[in-house]
Amino acid sequence: MSGAKRLLSGMRATGDGRLHIGNYEGALRNWVDLQDQGHQVFAMVADWHVLTTAEPGRNLAATSREIAKDFVAAGLDPERTVVFRQSDVKEHAELTLLFGMMTGIGKLERNPTYKDMVQDIGGAERATYGLLGYPVLQAADILLYRPYGVPVGRDQAPHLELGREIARTFNSRYGEVFPEFASIIPEDESRAKVPGLDADAEGRLRKMSKSYDNCIYLAESDEETAARIKSAFTTPSKMRKTDPGIPEGCAVCQMLRIYSPDWQNQWQEDRDGIRGCMQNKKELTEALNAHLRPFRERRAELTDERIEAILQDGASRARAVASETMDEVRRAMLLV
Ligand code: TRP
(Lines give C-alpha, C1' and ligand atoms only; values in the text may rest on other atoms or scores of the structure.)
Protein backbone atom coordinates (compact mmCIF):
# COMPACT_ATOMS: atom_id res chain seq x y z
CA MET A 1 0.00 0.00 0.00
CA SER A 2 1.62 3.25 -1.03
CA GLY A 3 0.58 6.52 0.59
CA ALA A 4 -1.38 6.92 3.81
CA LYS A 5 -4.73 5.16 3.44
CA ARG A 6 -7.90 5.16 5.49
CA LEU A 7 -8.66 1.73 6.94
CA LEU A 8 -11.52 0.50 9.07
CA SER A 9 -11.94 -2.63 11.12
CA GLY A 10 -13.94 -3.89 14.05
CA MET A 11 -14.17 -6.59 16.66
CA ARG A 12 -17.16 -7.96 18.46
CA ALA A 13 -17.12 -7.43 22.22
CA THR A 14 -18.04 -11.01 23.17
CA GLY A 15 -17.84 -12.66 26.59
CA ASP A 16 -16.35 -10.35 29.18
CA GLY A 17 -14.64 -8.36 26.42
CA ARG A 18 -11.11 -9.58 27.06
CA LEU A 19 -9.14 -10.46 23.94
CA HIS A 20 -6.98 -13.59 23.68
CA ILE A 21 -3.67 -13.96 21.88
CA GLY A 22 -5.49 -15.46 18.87
CA ASN A 23 -7.51 -12.24 18.46
CA TYR A 24 -4.28 -10.31 18.73
CA GLU A 25 -2.23 -12.37 16.26
CA GLY A 26 -5.10 -12.79 13.80
CA ALA A 27 -6.17 -9.14 13.52
CA LEU A 28 -5.21 -6.57 16.15
CA ARG A 29 -1.49 -6.94 15.58
CA ASN A 30 -2.02 -6.08 11.92
CA TRP A 31 -4.03 -2.95 12.82
CA VAL A 32 -1.15 -1.76 15.00
CA ASP A 33 1.39 -2.43 12.23
CA LEU A 34 -0.74 -0.55 9.70
CA GLN A 35 -1.11 2.38 12.08
CA ASP A 36 2.65 2.41 12.59
CA GLN A 37 3.15 2.47 8.81
CA GLY A 38 1.27 5.77 8.81
CA HIS A 39 -2.24 4.68 7.78
CA GLN A 40 -5.35 6.26 9.26
CA VAL A 41 -7.01 3.43 11.15
CA PHE A 42 -10.59 3.45 12.44
CA ALA A 43 -10.77 0.73 15.13
CA MET A 44 -14.33 -0.04 16.13
CA VAL A 45 -15.79 -1.99 19.03
CA ALA A 46 -18.81 -3.71 17.50
CA ASP A 47 -21.20 -3.71 20.45
CA TRP A 48 -24.45 -3.87 18.47
CA HIS A 49 -23.14 -6.95 16.70
CA VAL A 50 -22.96 -8.71 20.07
CA LEU A 51 -26.73 -8.39 20.38
CA THR A 52 -27.19 -10.83 17.49
CA THR A 53 -26.30 -13.60 19.96
CA ALA A 54 -26.07 -12.17 23.49
CA GLU A 55 -28.49 -12.97 26.24
CA PRO A 56 -30.15 -9.99 27.98
CA GLY A 57 -28.54 -8.61 31.12
CA ARG A 58 -25.01 -8.41 29.81
CA ASN A 59 -23.21 -5.16 30.62
CA LEU A 60 -22.22 -4.24 27.08
CA ALA A 61 -20.89 -0.83 28.06
CA ALA A 62 -18.38 -2.43 30.42
CA THR A 63 -17.49 -5.10 27.87
CA SER A 64 -16.80 -2.45 25.25
CA ARG A 65 -14.48 -0.62 27.59
CA GLU A 66 -12.52 -3.83 28.27
CA ILE A 67 -11.98 -4.55 24.60
CA ALA A 68 -11.02 -0.91 23.94
CA LYS A 69 -8.44 -1.17 26.75
CA ASP A 70 -6.94 -4.18 24.98
CA PHE A 71 -6.83 -2.19 21.72
CA VAL A 72 -4.89 0.64 23.32
CA ALA A 73 -2.64 -1.60 25.43
CA ALA A 74 -1.78 -3.57 22.28
CA GLY A 75 -0.39 -0.42 20.71
CA LEU A 76 -3.24 1.45 19.04
CA ASP A 77 -2.46 5.08 19.76
CA PRO A 78 -5.68 7.04 20.35
CA GLU A 79 -4.00 10.22 19.07
CA ARG A 80 -3.45 8.70 15.64
CA THR A 81 -6.05 5.95 15.50
CA VAL A 82 -9.78 6.53 15.92
CA VAL A 83 -10.85 4.08 18.63
CA PHE A 84 -14.64 4.14 18.90
CA ARG A 85 -17.77 2.21 19.79
CA GLN A 86 -20.31 1.40 17.08
CA SER A 87 -23.36 2.34 19.17
CA ASP A 88 -21.96 5.84 19.79
CA VAL A 89 -22.27 6.68 16.08
CA LYS A 90 -25.96 6.42 15.17
CA GLU A 91 -25.21 6.75 11.46
CA HIS A 92 -24.40 3.01 11.57
CA ALA A 93 -28.07 2.31 12.31
CA GLU A 94 -29.40 4.60 9.59
CA LEU A 95 -27.17 3.19 6.87
CA THR A 96 -27.99 -0.37 7.96
CA LEU A 97 -31.69 0.37 7.56
CA LEU A 98 -31.20 1.82 4.09
CA PHE A 99 -28.92 -1.06 2.98
CA GLY A 100 -31.62 -3.44 4.21
CA MET A 101 -33.88 -2.09 1.47
CA MET A 102 -31.49 -3.30 -1.23
CA THR A 103 -30.16 -6.59 0.15
CA GLY A 104 -31.81 -9.82 -0.95
CA ILE A 105 -32.79 -12.29 1.76
CA GLY A 106 -31.57 -15.24 -0.33
CA LYS A 107 -28.07 -13.84 -0.39
CA LEU A 108 -28.08 -13.43 3.39
CA GLU A 109 -29.43 -16.94 3.93
CA ARG A 110 -26.60 -18.39 1.85
CA ASN A 111 -23.93 -16.68 3.99
CA PRO A 112 -21.84 -19.55 5.48
CA THR A 113 -21.51 -17.87 8.90
CA TYR A 114 -25.27 -17.50 9.16
CA LYS A 115 -25.79 -21.14 8.19
CA ASP A 116 -23.37 -22.27 10.92
CA MET A 117 -25.09 -20.09 13.50
CA VAL A 118 -28.50 -21.43 12.56
CA GLN A 119 -27.17 -24.96 13.05
CA ASP A 120 -25.77 -24.03 16.46
CA ILE A 121 -29.00 -22.54 17.71
CA GLY A 122 -31.15 -25.38 16.39
CA GLY A 123 -32.82 -24.15 13.22
CA ALA A 124 -33.83 -21.08 11.25
CA GLU A 125 -37.06 -20.73 13.27
CA ARG A 126 -34.92 -19.53 16.17
CA ALA A 127 -32.89 -17.07 14.10
CA THR A 128 -33.65 -13.37 14.31
CA TYR A 129 -33.84 -10.65 11.73
CA GLY A 130 -30.76 -9.12 13.40
CA LEU A 131 -28.72 -12.30 13.02
CA LEU A 132 -29.65 -12.63 9.36
CA GLY A 133 -28.77 -8.96 8.89
CA TYR A 134 -25.39 -9.23 10.63
CA PRO A 135 -23.45 -8.63 7.40
CA VAL A 136 -25.69 -5.69 6.47
CA LEU A 137 -24.71 -3.93 9.70
CA GLN A 138 -21.10 -4.84 9.01
CA ALA A 139 -21.36 -3.40 5.47
CA ALA A 140 -22.66 -0.14 6.96
CA ASP A 141 -19.78 -0.14 9.50
CA ILE A 142 -17.31 -0.28 6.67
CA LEU A 143 -18.89 1.83 3.97
CA LEU A 144 -19.70 4.80 6.21
CA TYR A 145 -15.95 5.45 6.28
CA ARG A 146 -15.36 4.71 2.58
CA PRO A 147 -12.04 3.06 3.48
CA TYR A 148 -9.29 1.96 1.13
CA GLY A 149 -9.27 -1.39 2.91
CA VAL A 150 -10.44 -3.52 5.82
CA PRO A 151 -7.82 -5.47 7.82
CA VAL A 152 -9.42 -8.67 9.18
CA GLY A 153 -8.79 -12.36 9.76
CA ARG A 154 -9.56 -14.78 6.94
CA ASP A 155 -12.84 -15.84 8.56
CA GLN A 156 -14.33 -12.44 7.71
CA ALA A 157 -13.83 -12.79 3.93
CA PRO A 158 -17.48 -13.79 3.16
CA HIS A 159 -18.79 -10.81 5.13
CA LEU A 160 -16.54 -8.43 3.28
CA GLU A 161 -17.64 -9.86 -0.05
CA LEU A 162 -21.27 -9.24 0.88
CA GLY A 163 -20.32 -5.69 1.81
CA ARG A 164 -18.81 -5.17 -1.61
CA GLU A 165 -21.95 -6.50 -3.27
CA ILE A 166 -24.13 -4.14 -1.24
CA ALA A 167 -21.92 -1.21 -2.28
CA ARG A 168 -22.20 -2.21 -5.94
CA THR A 169 -25.97 -2.49 -5.69
CA PHE A 170 -26.21 0.92 -4.08
CA ASN A 171 -23.93 2.51 -6.68
CA SER A 172 -25.81 1.03 -9.61
CA ARG A 173 -29.16 2.22 -8.27
CA TYR A 174 -28.29 5.62 -6.86
CA GLY A 175 -24.91 6.63 -8.29
CA GLU A 176 -21.29 6.18 -7.25
CA VAL A 177 -21.12 6.91 -3.54
CA PHE A 178 -19.05 3.95 -2.36
CA PRO A 179 -15.64 3.12 -3.86
CA GLU A 180 -14.51 -0.56 -3.83
CA PHE A 181 -12.57 -1.49 -0.70
CA ALA A 182 -9.83 -4.10 -0.34
CA SER A 183 -9.63 -7.02 2.12
CA ILE A 184 -6.34 -6.85 4.00
CA ILE A 185 -5.66 -10.33 5.35
CA PRO A 186 -2.34 -11.20 7.08
CA GLU A 187 -0.15 -13.49 5.00
CA ASP A 188 1.64 -15.17 7.88
CA GLU A 189 -0.88 -17.94 8.48
CA SER A 190 1.11 -19.62 11.27
CA ARG A 191 0.50 -16.61 13.49
CA ALA A 192 -2.94 -15.88 12.10
CA LYS A 193 -4.11 -19.30 13.32
CA VAL A 194 -2.99 -19.59 16.92
CA PRO A 195 -4.01 -23.03 18.19
CA GLY A 196 -5.82 -23.33 21.50
CA LEU A 197 -4.37 -25.15 24.49
CA ASP A 198 -6.60 -28.21 24.15
CA ALA A 199 -7.55 -30.80 21.52
CA ASP A 200 -10.89 -32.02 20.17
CA ALA A 201 -12.42 -35.45 20.89
CA GLU A 202 -10.17 -37.01 18.20
CA GLY A 203 -7.04 -35.50 19.73
CA ARG A 204 -6.61 -32.88 17.04
CA LEU A 205 -5.58 -29.33 17.83
CA ARG A 206 -8.20 -26.68 17.17
CA LYS A 207 -8.21 -22.92 17.00
CA MET A 208 -8.08 -20.72 20.06
CA SER A 209 -11.63 -19.68 20.87
CA LYS A 210 -13.48 -18.33 23.86
CA SER A 211 -16.21 -20.91 23.33
CA TYR A 212 -13.69 -23.78 23.82
CA ASP A 213 -12.18 -22.17 26.92
CA ASN A 214 -8.70 -22.90 25.55
CA CYS A 215 -7.33 -19.36 25.46
CA ILE A 216 -4.56 -17.26 26.86
CA TYR A 217 -5.93 -13.79 27.51
CA LEU A 218 -3.77 -10.76 26.88
CA ALA A 219 -4.84 -9.18 30.16
CA GLU A 220 -4.72 -12.17 32.52
CA SER A 221 -2.07 -12.43 35.24
CA ASP A 222 1.22 -14.28 34.85
CA GLU A 223 -0.10 -16.87 37.30
CA GLU A 224 -3.25 -17.48 35.27
CA THR A 225 -1.16 -17.98 32.14
CA ALA A 226 1.10 -20.41 34.01
CA ALA A 227 -1.91 -22.40 35.25
CA ARG A 228 -3.47 -22.62 31.78
CA ILE A 229 -0.24 -23.81 30.19
CA LYS A 230 0.24 -26.35 32.96
CA SER A 231 -2.94 -28.17 31.95
CA ALA A 232 -2.41 -27.78 28.19
CA PHE A 233 -2.61 -30.66 25.70
CA THR A 234 0.69 -32.35 24.75
CA THR A 235 1.64 -35.51 22.82
CA PRO A 236 -0.63 -38.14 24.47
CA SER A 237 1.86 -41.00 24.00
CA LYS A 238 4.68 -39.06 25.64
CA MET A 239 4.24 -40.28 29.20
CA ARG A 240 7.85 -39.92 30.24
CA LYS A 241 10.47 -37.41 29.24
CA THR A 242 12.30 -40.14 27.28
CA ASP A 243 9.25 -40.98 25.10
CA PRO A 244 9.39 -39.35 21.65
CA GLY A 245 7.16 -36.29 21.25
CA ILE A 246 5.21 -35.22 18.15
CA PRO A 247 5.52 -31.41 18.17
CA GLU A 248 3.16 -31.03 15.19
CA GLY A 249 0.28 -32.38 17.31
CA CYS A 250 1.23 -30.77 20.63
CA ALA A 251 -0.41 -27.51 21.67
CA VAL A 252 2.56 -26.42 23.78
CA CYS A 253 5.07 -27.03 20.97
CA GLN A 254 2.87 -25.15 18.51
CA MET A 255 2.83 -22.19 20.83
CA LEU A 256 6.62 -22.40 21.37
CA ARG A 257 6.98 -22.09 17.63
CA ILE A 258 5.29 -18.69 17.77
CA TYR A 259 6.76 -17.32 20.99
CA SER A 260 10.14 -18.96 21.55
CA PRO A 261 13.15 -17.98 19.41
CA ASP A 262 14.68 -21.36 20.33
CA TRP A 263 11.72 -23.45 19.17
CA GLN A 264 13.55 -25.52 16.56
CA ASN A 265 15.95 -26.80 19.17
CA GLN A 266 13.11 -27.39 21.63
CA TRP A 267 11.16 -29.38 19.04
CA GLN A 268 14.18 -31.54 18.22
CA GLU A 269 14.81 -32.35 21.89
CA ASP A 270 11.11 -33.11 22.37
CA ARG A 271 11.21 -35.57 19.46
CA ASP A 272 14.46 -37.12 20.63
CA GLY A 273 13.17 -37.76 24.13
CA ILE A 274 15.75 -35.59 25.83
CA ARG A 275 13.21 -33.02 26.95
CA GLY A 276 9.93 -33.50 28.74
CA CYS A 277 6.59 -31.73 28.52
CA MET A 278 7.11 -30.04 31.88
CA GLN A 279 10.20 -28.29 30.61
CA ASN A 280 8.37 -27.16 27.46
CA LYS A 281 5.57 -25.79 29.57
CA LYS A 282 7.91 -23.96 31.90
CA GLU A 283 9.82 -22.37 29.02
CA LEU A 284 6.64 -21.44 27.17
CA THR A 285 5.22 -19.81 30.29
CA GLU A 286 8.37 -17.73 30.69
CA ALA A 287 8.49 -16.72 27.01
CA LEU A 288 4.81 -15.81 26.85
CA ASN A 289 4.70 -13.88 30.11
CA ALA A 290 7.80 -11.93 29.08
CA HIS A 291 6.21 -11.21 25.70
CA LEU A 292 2.96 -10.00 27.30
CA ARG A 293 4.54 -8.01 30.14
CA PRO A 294 4.63 -4.57 28.42
CA PHE A 295 1.06 -5.06 27.24
CA ARG A 296 -0.12 -6.02 30.73
CA GLU A 297 1.65 -3.05 32.31
CA ARG A 298 0.11 -0.57 29.89
CA ARG A 299 -3.32 -2.07 30.36
CA ALA A 300 -3.18 -1.95 34.15
CA GLU A 301 -2.77 1.82 33.93
CA LEU A 302 -5.91 2.38 31.81
CA THR A 303 -8.81 3.39 34.03
CA ASP A 304 -12.47 3.21 33.02
CA GLU A 305 -12.58 7.02 32.93
CA ARG A 306 -9.57 7.24 30.63
CA ILE A 307 -10.86 4.65 28.17
CA GLU A 308 -14.33 6.21 28.14
CA ALA A 309 -12.74 9.58 27.27
CA ILE A 310 -10.81 7.89 24.44
CA LEU A 311 -14.01 6.30 23.14
CA GLN A 312 -15.93 9.58 23.27
CA ASP A 313 -13.18 11.41 21.42
CA GLY A 314 -13.09 8.58 18.88
CA ALA A 315 -16.85 8.74 18.43
CA SER A 316 -16.77 12.42 17.59
CA ARG A 317 -13.99 11.90 15.02
CA ALA A 318 -15.83 8.92 13.53
CA ARG A 319 -19.09 10.86 13.39
CA ALA A 320 -17.43 13.65 11.41
CA VAL A 321 -16.68 11.19 8.59
CA ALA A 322 -19.87 9.13 8.93
CA SER A 323 -22.20 12.13 8.83
CA GLU A 324 -20.60 13.36 5.62
CA THR A 325 -21.20 9.99 3.98
CA MET A 326 -24.82 9.98 5.20
CA ASP A 327 -25.41 13.43 3.69
CA GLU A 328 -24.32 12.05 0.34
CA VAL A 329 -26.38 8.88 0.77
CA ARG A 330 -29.57 10.80 1.59
CA ARG A 331 -29.03 13.08 -1.38
CA ALA A 332 -28.30 10.18 -3.73
CA MET A 333 -31.48 8.40 -2.58
CA LEU A 334 -33.52 11.61 -3.00
CA LEU A 335 -34.42 11.62 0.67
CA VAL A 336 -33.41 15.25 0.84
N1 TRP B 1 -17.71 -9.43 12.21
C2 TRP B 1 -16.47 -8.99 12.80
C3 TRP B 1 -15.97 -10.11 13.74
O4 TRP B 1 -16.70 -10.98 14.12
C5 TRP B 1 -16.61 -7.73 13.58
C6 TRP B 1 -16.97 -6.55 12.74
C7 TRP B 1 -18.09 -5.81 12.86
C8 TRP B 1 -16.19 -5.97 11.70
N9 TRP B 1 -18.08 -4.78 11.96
C10 TRP B 1 -16.93 -4.84 11.24
C11 TRP B 1 -14.96 -6.28 11.11
C12 TRP B 1 -16.48 -4.05 10.20
C13 TRP B 1 -14.51 -5.48 10.07
C14 TRP B 1 -15.27 -4.37 9.60
O15 TRP B 1 -14.83 -10.09 14.13
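The values are calculated or read from the model by the stated rules, or taken from the named source; none is laboratory data. Small disclaimer: the values here were computed from a predicted structure and weren't measured. So basically every Cβ, Gly included, is an ideal-geometry build from the backbone, and we count neighbours across all protein chains shown. Just the protein is used for accessible areas: all its heavy atoms, side chains included, with ligands, DNA and RNA removed. Shrake-Rupley method; radii C 1.70, N 1.55, O 1.52, S 1.80 Å.
Tabulated values for the structure
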| item | result |
| --- | --- |
| Computed P(r) (all Cα pairs; the stretch 196-298; 5 Å bins; percent) | 2, 14, 24, 25, 19, 10, 4, 1, 0 |
| Of Lys207/Lys230; Lys238/Lys281; Lys241/Lys282; Lys210/Lys238, pairs whose Cα-Cα distance is over 20 Å | Lys210/Lys238 |
| Kirkwood Rh in Å, taken over the stretch 79-215 so that all alpha-carbon pairs contribute | 17.1 |
| Trypsin sites (Lys or Arg not before Pro) lying in DSSP loop within the stretch 215-305, provided at most 12 other Cβ fall within 10 Å | Arg240 |
| Inter-label distance, nm, simple model (7 Å from Cα along the C-beta direction), Lys115/Ala93 | 3.3 |
| In the stretch 186-226, GluC sites (Glu not before Pro) in a DSSP loop with at most 14 other beta-carbon atoms within 10 Å | Glu187, Glu202 |
| Total charge dipole magnitude, the stretch 35-175, about the Cα centre, Cβ charges on Lys, Arg, Asp, Glu only, Debye to nearest 20 | 360 |
| Surface per residue (accessible, 1.4 Å probe) for the chain, Å² | 47 |
| Loop GluC sites (Glu not before Pro), the stretch 245-319 (other Cβ atoms within 10 Å of the site Cβ: 16 or fewer; DSSP) | Glu301 |
| Accessible surface of the stretch 196-298 [probe 1.4 Å, protein heavy atoms]: carbon and sulfur percent | 51 |
| Cα centre as origin, Lys/Arg/Asp/Glu Cβ charges: the chain dipole, Debye | 340 |
| Cysteines having no other Cys beta carbon under 4.7 Å from their own, within the chain | Cys215, Cys277 |
| Cα principal axis extents for the chain, largest first, Å | 76, 44, 44 |
| Computed Rg/Rh of the stretch 56-154, alpha carbon atoms with Kirkwood Rh | 1.00 |
| Thr285 accessible area, 1.4 Å probe, all protein chains in place, Å² to nearest 10 | 20 |
